[in-house]
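The values are calculated or read from the model by the stated rules, or taken from the named source; none is laboratory data. No experiment lies behind these values; they were computed from the predicted model shown. A quick note on method: Cβ atoms are made from the backbone with ideal geometry, for glycine too, and the neighbour counts reach across all protein chains shown.
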Amino acid sequence: MQFHERIRRELDDLRTLDRYRALPDISARNGKEIVFNGQNLLNLSSNDYLGLGDDKPMLTGYIRSFSERDYAMTSSSSRLLTGNHPLYDRLEQALARLYGREAALVFNSGYHANIGMLPALSGRHDLVLSDRLNHASIIDGMKIAEAPWQRYRHRDYDHLEELLAGAADRYRQTFIVTESVFSMDGDLADLVRLVALKEKYGAFLIVDEAHGAGVFGERGLGLCERAGVVQQIDIITGTFGKALASTGAYAVMNSLVREYLLNTMRSVIFTTALPPVILGWSLVTLAKQSAMQHEREALLRLAARLRDALLERGVDVPGESHIVPVITGGNDLAVALAAKLKGAGFLCMAVRPPTVPEKSARIRISLRSTLQWEDIARIPEIIG
């Protein structure tokens with residue numbers, strides 16, 4: 001009983017701090033709208049940035065095709081046993097061609113990628129340097145790895161250079177890891193500067209494009225494509241679970257690094273492979289998104305218009321991407337604002353610690369290219 005009383009008290013504390021979480025009742029999703037806890041709302045909390053998840057004709061066509069090809073619903077094994085379906089090879093080859101890189105590797109999720117990559121590549125004689133606001137999965141990967149690690153101040157590349165200079169000749173290898181589009185602030189890493197620092201200090205650079213892939217770049221390769229540094233980054237990771245409207249994640253790299261990860265990365269070796277039906281769908285959405293430059297441009301214009309309208313009303317809105325966070329500071333204020341927006345027909349979730357730093361709770365507005373200004377025009381007035 002002592003254990004159960006302790007965790008009950010901790011849950012009560014979370015309620016008091018407005019940090020308690022519960023699974024919502026999602027009974028229907030129809031295009032831009034979602035039925036959330038019984039209420040029909042405009043969905044502004046989805047990562048389906050290009051609207052591909054709601055492309056019914058594409059899905060219908062795919063269902064017909066995989067029925068004809070008899071794609072299995074399960075792999076029933078790890079890739080290194082009997083789960084390496086030929087669709088894995090097709091998907092990885094398509095990714096390598098699209099990025100113009102030697103090789104690619106597909107993972108079960110972005111979390112699998114980030115908790116497995118650094119522990120596989122680094123050891124106790126290495127050093128990992130991470131942006132302070134990197135995603136929790138990157139932080140968990142650093143905690144699992146044997147390598148010591150430090151966090152540089154968010155997007156403070158002078159601070160990063162100080163750490164790199166201080167680490168010179170002290171470690172076997174230094175790794176730099178960053179998101180490209182930071183998922184909670186919607187701001188962007190300076191990838192050109194990071195590549196310059198990587199080359200100056202002989203570091204190994206890993207860039208997580210989870211929220212950049214599909215949204216930035218002429219072919220949707222992410223911020224690395226827009227910055228012109230696809231070939232200079234050692235590993236670029238991306239996810240199928242956001243703009244690409246599927247399941248899983250991927251990384252592009254050279255063939256030697258891929259071979260090494262296949263032999264050392266525990267979240268690849270000890271995981272049941274993705275079902276063939278998912279791999280085939282990822283091939284479809286990957287090809288589709290690469291030609292959606294018009295939608296990408298429309299999405300970023302919409303986000304800029306919303307951000308400008310909020311700033312004109314004195315609202316604290318950082319970032320420069322399709323993710324528009326409204327900083328409230330207090331958890332109670334974020335919860336209250338989310339409720340106010342919900343009452344007006346908008347689903348904008350409150351994001352609180354530990355997802356974001358203490359005293360930086362916020363509403364995170366996640367936009368999609370299928371939205372029009374008329375859909376969201378009332379938001380600045382409601383918030384301001």
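Observations on the model:
- Restricted to the range 251-281, and to residues there that are of a type in the set (Ser, Thr, Tyr) and assigned to a helix (DSSP H, G or I), the residue that is surrounded by the fewest Cβ atoms within 10 Å (Cβ to Cβ) is Ser255.
- Scanning the range 246-268 for residues that are under 25 Å from Gln289 (Cβ atoms) and of a type in the set (D, E, K, R) yields one hit, Arg258.
- Unique match (being within 24 Å of the chain's Cα centre (by Cα), part of a helix (DSSP H, G or I) and not assigned by TED's automatic domain parsing to the domain that holds Gln231) among Leu59, Leu87: Leu59
- Selection from the range 127-182 of residues that are touching a residue at least 60 places away in the same chain (Cβ under 8 Å) and in a strand (DSSP E or B): Leu129, Val181
- Contacts under 9 angstrom Cβ, first residue in the range 225-247 being assigned by TED's automatic domain parsing to the domain that holds Thr285 and within 17 Å of Lys198 (Cβ to Cβ), partner of a type in the set (S, T, N, Q) and surrounded by 24 or more Cβ atoms within 10 Å (Cβ to Cβ), 6 or more apart: Ala227/Ser180; Ile236/Ser180; Thr237/Asn114
- Residue that is nearest to Pro354 (Cα to Cα) [pool: residues in the range 1-28 that are outside any loop (DSSP other than H, G, I, E, B) and in contact with a strand residue (DSSP E or B) (Cβ under 7 Å, 6 or more places away or on another chain)]: Ile26
- For the range 198-250, a residue qualifies if it is crowded, with 24+ Cβ neighbours inside 10 Å and assigned to a strand (DSSP E or B), and the qualifying residues are Ile206, Val207, Asp208, Ile236, Thr237, Gly238, Thr239, Ala249, Tyr250.
- Annotation: of all residues in the range 314-336 being in a loop (DSSP other than H, G, I, E, B) and acidic (Asp, Glu), the one that is surrounded by the fewest Cβ atoms within 10 Å (Cβ to Cβ) is Asp316.
- Scanning the range 337-377 for residues that are over 23 Å from the mean Cα position of the chain (by Cα) and either buried (at least 18 other Cβ atoms within 10 Å of the Cβ) or closer than 17 Å to Ser45 by Cβ (or both) turns up Leu337, Ala339, Lys340, Leu341, Lys342, Gly343, Ala344, Gly345, Asp375, Ile376.
- In the range 184-210, the residues that are in the same structural domain as Ala136 (by TED's automatic domain parsing) reach residues that are in a helix (DSSP H, G or I) and surrounded by fewer than 17 Cβ atoms within 10 Å (Cβ to Cβ) with C-beta atoms within less than 7 angstrom, at least six apart or across chains, in these pairs: Leu197/Glu161.
- Here Ile115, Ile138, Ile144, Ile34 are screened, and the one residue that is surrounded by fewer than 17 Cβ atoms within 10 Å (Cβ to Cβ) and β-branched (Val, Ile, Thr) is Ile144.
- Condition met for Leu194 (over 29 Å from Trp281 (Cβ atoms), buried (at least 22 other Cβ atoms within 10 Å of the Cβ) and not hydroxyl-bearing (Ser, Thr, Tyr)): yes
- Here the range 37-48 is the region considered, the condition is being on the phi < 0 side of the Ramachandran plot and outside any strand (DSSP E or B), and the residue that is surrounded by the fewest Cβ atoms within 10 Å (Cβ to Cβ) is Ser46.
- Close pairs (8 angstrom Cβ cut-off, 6 or more residues apart or separate chains): assigned to a strand (DSSP E or B) in the range 102-119, of a type in the set (Val, Ile, Thr) anywhere: Ala103/Val252; Ala103/Val257; Ala104/Val252; Leu105/Val268; Phe107/Val268
Results for (1) in contact with a helix residue (DSSP H, G or I) (Cβ under 7 Å, 6 or more places away or on another chain); (2) under 24 Å from Ala104 (Cα atoms), shown as yes or no for each residue.
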| residue | (1), (2) |
| --- | --- |
| Ser122 | no, yes |
| His125 | no, no |
| Asp131 | no, no |
| Asn134 | no, yes |
| Trp149 | yes, no |
| Gly166 | no, no |
| Tyr171 | no, no |
| Ile176 | yes, yes |
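- Just one of the listed residues (Leu286, Leu223, Leu262) is among the hydrophobic types (A, V, I, L, M, F, W, C), out of contact with any Pro (no Cβ under 9 Å at 6 or more places or on another chain) and within 30 Å of Tyr152 (Cβ to Cβ), namely Leu223.
- Qualifying residue in the range 73-83 (condition: without any contact (Cβ under 8 Å) to a residue 12 or more places away in the chain and not in a loop (DSSP other than H, G, I, E, B)): yes
Residues are listed down the side, and each one gets a yes or a no for (1) in contact with a Phe, Trp or Tyr (Cβ under 9 Å, 6 or more places away or on another chain); (2) not assigned by TED's automatic domain parsing to the domain that holds Ala113:
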residue	(1), (2)
Thr264	no, no
Val268	yes, no
Leu283	no, no
Arg307	no, yes
